[in-house]
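Working notes, beginning with the structure itself.
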Amino acid sequence: MKIHHFQCTACGKCCHGLLPLLLEEALEHAGRFPLAMLWTVVPPGSPSAGLVARLGATVTIGRKKPLPVEVSAVVWLPEQMACPELTADGLCGIHATKPQRCRTMPFYAGREEADQAAFLLPRPGWQCDISRAAPAVYDSGVILDRADFDAERQRLEQQAATIRAYATRLVSQSAPLVRDLEVLGKRPGGGRLALAFTGILPRLGGDIAAFARQQGPVLRDLAARTAGDPAQRRFHDYYVSTLRALEPFAVA
């Protein structure tokens, strides 16, 4: 394995689309970000399948086939849409309190340390510096400056029991969810499914009325911004349906 170099150039290009959050961060930022629970099916043979099952859940489908599923709170935004806190000059408007996921970038503690090389390759349009002039960050499968990675991994481990209890109960109660996960499990690269964040709220001790009052304006704004755009139909429908479900609590 080779040495990988990486340096952020503050281009802001990675601050678009969905962003995984820790559960406590999701509650903290409910007035800023549209929230969902994202279920990502990971192929059983992938290098990080065991870690995904440990931090997320294992769903048994078909003929007792175990399927590792990453379950995470996320900022649910279309891929091309900027983070609501991204400033005009491409910087973070909440840098002091930004999510742990942003701090750990480009690494991701939800995957094995030896399985990080792909995260160091900028997506098209990103302006990350991966030249030899940039600092060395990854050597033979080992992260060199690992403080944020270790912090994220520790916090993912701390919330794993809550995630697993939520996922286990939901799977036991919803045959349609199991069927959807089975379909995703048959795809070569897996797949993902967004569910309402309110499903996990009781396990976090959250006040649904307070949550609804915070999320309502966020969802209403995004529903308006995505209305009439066929490319954003999936997101628009989610914002509208979630807003409709929350409205009775927002006025409580």
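Brief remarks follow.
- Residue identified as assigned to a strand (DSSP E or B) and among the aliphatic types (A, V, I, L, M) among Ala26, Ala36, Ala118, Ala109: Ala36
- Residue within the stretch 235-247 that is farther than 26 Å from Lys65 by Cα, within 17 Å of the chain's Cα centre (by Cα) and surrounded by fewer than 19 Cβ atoms within 10 Å (Cβ to Cβ) present: no
- Residues in the stretch 106-162 that are more than 19 Å from the chain's Cα centre (by Cα), open to solvent by 60 Å² or more (accessible area, probe 1.4 Å) and small (Gly, Ala, Ser): Ala114, Ala133, Ser140, Ala147.
- When restricted to residues that are open to solvent by 20 Å² or more (accessible area, probe 1.4 Å) and part of a helix (DSSP H, G or I), the stretch 219-234 contains 9.
- Any hit, the stretch 203-220, residues being at pLDDT 95 or above, more than 23 Å from Thr162 (Cα to Cα) and in contact with a Phe, Trp or Tyr (Cβ under 7 Å, 6 or more places away or on another chain): yes
A quick yes/no check of all residues on (1) in contact (Cβ under 8 Å) with a residue 60 or more places away in the chain; (2) closer than 26 Å to Lys65 by Cα:
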site: Lys98; (1), (2): no, no
site: Cys128; (1), (2): yes, no
site: Ala161; (1), (2): no, yes
site: Val171; (1), (2): yes, yes
site: Glu182; (1), (2): yes, yes
site: Gly199; (1), (2): yes, yes
site: Gly206; (1), (2): yes, no
site: Ala210; (1), (2): no, no
site: Gln215; (1), (2): yes, no
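- Any hit, the stretch 26-36, residues being touching an Asp or Glu at 6+ places or on another chain (Cβ under 6 Å), of a type outside the set (Lys, Arg) and in contact (Cβ under 8 Å) with a residue 60 or more places away in the chain: no
- Extreme residue, farthest from Gln158 (Cα to Cα), among residues of the stretch 56-100 that are outside any strand (DSSP E or B) and open to solvent by less than 20 Å² (accessible area, probe 1.4 Å): Gly90
- In the stretch 228-252, the residues that are β-branched (Val, Ile, Thr) form Cβ pairs under 7 Å with partners that are surrounded by 13 or more Cβ atoms within 10 Å (Cβ to Cβ), at six or more places apart or across chains, as follows: Val240/Ala223; Thr242/Ala196; Thr242/Leu219.
- Filtered residue count, the stretch 7-31, keeping only those that are among the basic types (Lys, Arg) and open to solvent by less than 50 Å² (accessible area, probe 1.4 Å): 0
The values are calculated or read from the model by the stated rules, or taken from the named source; none is laboratory data. Just so you know, these numbers come straight off a predicted model, no measurement behind them. Methodologically, a virtual Cβ is constructed for each residue, glycine included, from the backbone with ideal geometry; neighbour enumeration extends over all protein chains shown. Note: areas computed on protein heavy atoms with side chains; ligands, DNA, RNA excluded. Shrake-Rupley method; radii C 1.70, N 1.55, O 1.52, S 1.80 Å.
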